[in-house]
Amino acid sequence: MTGPRSWRLVRARTDAIPASVRRFNERARQRRWRAARPWLVGVAGLVLAGLAGWVVYGTPLLGVREVTVRGTTLVPADQVRAAAGIPVGTPLASLDLGAVRRRVATLPAVRSATVERDWPSQVLIVVTERVAVGQVARADGRFDLIDASGVLFHSVPSDAGLPTLKLAAPHPGDPTTTAALAVLAALTPDLRAQLVSLAADSPARIRLALRGYREVIWGDATDNAAKAQAATGLLRYPGSVIDVSAPQFVTVH
């Protein structure tokens, strides 16, 4: 009677496996690799993209280091930077350029602004300032500059050599201010050279004070081009008051 058999696992030598089986196994491995490779490449791409996005959008590695301001004359560059409100280190890619532009545009002297990313670590702000077309005298002796839209945007200590507008409440939404600025824009070079001030009590009561204590009664802000030509033609006639409120029937007295 024989005892129980004992089994032992023995690894077969490579040369003991038939060549056909080895070729079959090799082809199977290649098929599995070809099937898995696109998935592996996709996963690796997602990992790299996520890492890159985190570096660009979530870390200060590509953050703001400098804010460059151009186009300013009236507004100090530091004031523009303060209004922009961009903390150092803010990821440049996630910076809200529109919000920065709107904050800069709240400065009275700024008519518009553009904001751009300048990689790798700079923000460029280009400011377009308002242009003064006249001035409004203040009670303290200073003058506020006013642009063509009626915005008072800058104060100067003395007469800036611009036409003085006499208005009760100058601002962009004021009909009297709008009418006065329309008249000012329509004046001929000869009238501008003679102009001392433009007073508007209402949109329909506008008058010009000229050099030599002469006055032009303008009336309302209609037919401005015709009124300007008529008043210019009457400058060479004697008289202290030129009335062009009805440009078809102008008078000098």
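Quick notes on this structure:
- Antiparallel DSSP beta bridges within segment 126-253, as percent of all bridges there, nearest 5: 75 percent
- A simple spin-label model places the labels of D190 and S112 3.6 nm from each other, with each point 7 Å out along Cα-to-Cβ.
- The chymotrypsin sites (Phe, Trp or Tyr not before Pro) of segment 148-253 that DSSP puts in a loop, and whose beta carbon has at most 11 other beta carbons within 10 Å, are F249.
- Amide H contacts for H154 (H built 1.01 Å from N in the peptide plane; partners 5 or more residues away or on another chain; cut-off under 5 Å): L145.
- The modelled label-to-label distance between A182 and S240, using points 7 Å beyond Cα along the C-beta direction, is 3.1 nm.
- Loop-located trypsin sites (Lys or Arg not before Pro) in segment 108-200 whose Cβ has at most 16 other Cβ within 10 Å (DSSP): R138, R142
- Estimated distance in nm for a label pair at S155 and A225, the labels positioned 7 Å out from Cα along Cα-to-Cβ: 4.0 nm
- Accessible surface for R34 stands near 130 Å², nearest 10, in the context of the full protein assembly shown (1.4 Å probe).
- Taking the Cα centre of segment 91-156 as reference, the dipole from Cβ charges on Lys and Arg (+1) and Asp and Glu (-1) amounts to some 100 debye.
The values are calculated or read from the model by the stated rules, or taken from the named source; none is laboratory data. The structure displayed is predicted, hence computed values, not measured ones. For neighbour counting, all protein chains shown are included, and Cβ atoms are generated from backbone atoms with ideal geometry for every residue, glycine included. Note: areas computed on protein heavy atoms with side chains; ligands, DNA, RNA excluded. Shrake-Rupley method; radii C 1.70, N 1.55, O 1.52, S 1.80 Å.
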